[in-house]
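Where a number appears in this text, it was derived from the coordinates with a stated rule and is not lab data. Note that the structure is a prediction, hence the values are computed from the model and not measured. So basically every Cβ, Gly included, is an ideal-geometry build from the backbone, and we count neighbours across all protein chains shown.
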């Protein structure tokens with residue numbers, strides 16, 4: 001598992017960047033993280049490796065879409081928190097798992113929907129948060 | 001104190017006009033340095049009129065709007081779906097409506113439908129969130 005130490009300075013920076021510069025984030029060395037803060041895990045780990053899994057490539061081949069990052073759209077992110085919201089000073093341990101690949105007919109032709117889950121455990125091994133990502137490979141229309 | 005019955009709408013909050021500074025500051029903070037959000041030439045080369053904002057910046061603004069009402073430690077679920085791109089100069093309006101009040105274990109919770117729209121009404125982020133009530 002990859003590690004993600006939660007740093008107070010990063011919480012301050014993220015809160016300020018999202019118009020949430022409030023004392024709970026700025027003045028507490030053990031500040032709680034903002035609801036979408038776990039997006040910053042990409043400073044620590046490469047997220048989305050599972051979109052290159054063989055079953056994704058196979059689904060793309062079925063509908064003639066090239067599984068290239070230029071054809072990849074991020075559609076949705078959903079965070080779940082279990083127990084107290086993680087705080088600055090804690091270290092989380094993250095792992096990623098592909099859990100759904102399906103072909104969907106969209107308005108602009110077929111797309112391959114890819115869903116993957118990133119889990120965040122604490123030092124005690126407790127599951128503290130999860131993020132479900134939904135991305136799609138789409139066929140780029142000639143414009 | 002807002003009366004939190006089903007159907008209650010929270011007071012709206014406006015963000016923007018969106019600037020390049022907002023976008024690059026969010027990109028640096030989040031670590032997502034996708035150049036489509038700050039390189040106009042690159043965005044135009046694939047058919048966009050200009051570089052467009054990061055979807056997660058809109059999600060972050062919606063999160064800021066919610067924590068302002070329900071506190072920084074009460075989020076239990078936070079979902080955002082990106083429906084349209086945002087450009088520099090756009091003005092955005094965050095809104096939320098109470099969908100239900102329920103109990104999960106020994107916690108009282110609130111589910112919200114949350115939205116971020118351009119000031120002309122176009123929906124850019126559609127979402128759903130749950131907060132613990134203390």
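Across peptide B:66-78, the mean count of Cβ atoms from other chains lying within 10 Å of each residue's own Cβ comes to 6.
What full-extension length gain, to one decimal in nm, is calculated for residue B:21 and residue B:133 as 0.36 nm per residue of separation minus the Cα-Cα distance? Intermediate values should be presented prior to the final figure.
Values: separation 112, 0.36 × 112 = 40.32 nm, distance 3.48 nm.
Answer, rounded to one decimal: 36.8 nm.
Ranked by the mean number of other Cβ atoms within 10 Å of their residues, highest first, the peptides A:30-40, A:6-16 come out as A:30-40, A:6-16.
Between residue A:42 and residue A:90, the FRET efficiency from the beta-carbon distance, with R0 = 22 Å, is close to 0.75.
In percent, what relative contact order does chain A have, based on Cα pairs under 8 Å that are 6 or more apart in sequence? Numbers along the way, then the final one.
Working: 259 pairs, mean separation 39.8, N = 143.
Averaging sequence separation for qualifying contacts and normalising by length gives 28 percent for chain A.
Roughly what angle does helix A:8-17 make with the longest principal axis of chain A, taking Cα atoms, 0 to 90 degrees, to the nearest 10? Between helix and principal axis, roughly 60 degrees.
Plugging the Kirkwood radius over Cα pairs into Stokes-Einstein for segment A:1-72, at a temperature of 20 °C and a viscosity of 1.002 mPa s, what D comes out in µm²/s? Reported coefficient: 145 µm²/s. In segment A:2-138, the DSSP beta bridges split such that about 100 percent are antiparallel, to the nearest 5. The mean of 1/r over all pairs of different alpha-carbon atoms in segment A:47-106, once inverted, gives a Kirkwood hydrodynamic radius of 14.5 Å. Between residue B:14 and residue B:113, the FRET efficiency from the beta-carbon distance, with R0 = 30 Å, is close to 0.95. If you wrap the tightest convex hull around every Cα atom of the protein assembly as shown and split its volume per residue, you get 139 Å³.
The spacing between segment B:31-61 and segment A:89-106, judged by their C-alpha centroids, is 23 Å. The ranking of B:40, A:68 from fewest to most other beta carbons within 10 Å of each one's beta carbon is A:68, B:40. Compute the helix-to-body angle for B:20-30: its Cα long axis versus the longest principal axis of chain B, expressed 0 to 90° and rounded to tens. Helix B:20-30 sits roughly 60 degrees off the main axis of chain B. Computed over the alpha-carbon pairs of segment B:22-99, the distance histogram in 5 Å steps reads 3, 13, 23, 22, 18, 11, 6, 4, 1 percent, short to long. Computed from Cα atoms, the angle from the helix A:54-63 axis to the main principal axis of chain A rounds to 40 degrees. Each listed q (0.11, 0.16 Å⁻¹) maps to a log10 I(q)/I(0) for chain B, found by the Debye formula over equal Cα scatterers with no solvent: -0.43, -0.81. Summarising the overall dimensions of segment A:2-138 from its C-alpha atoms, the Rg and Dmax are 17.2, 53 angstrom.
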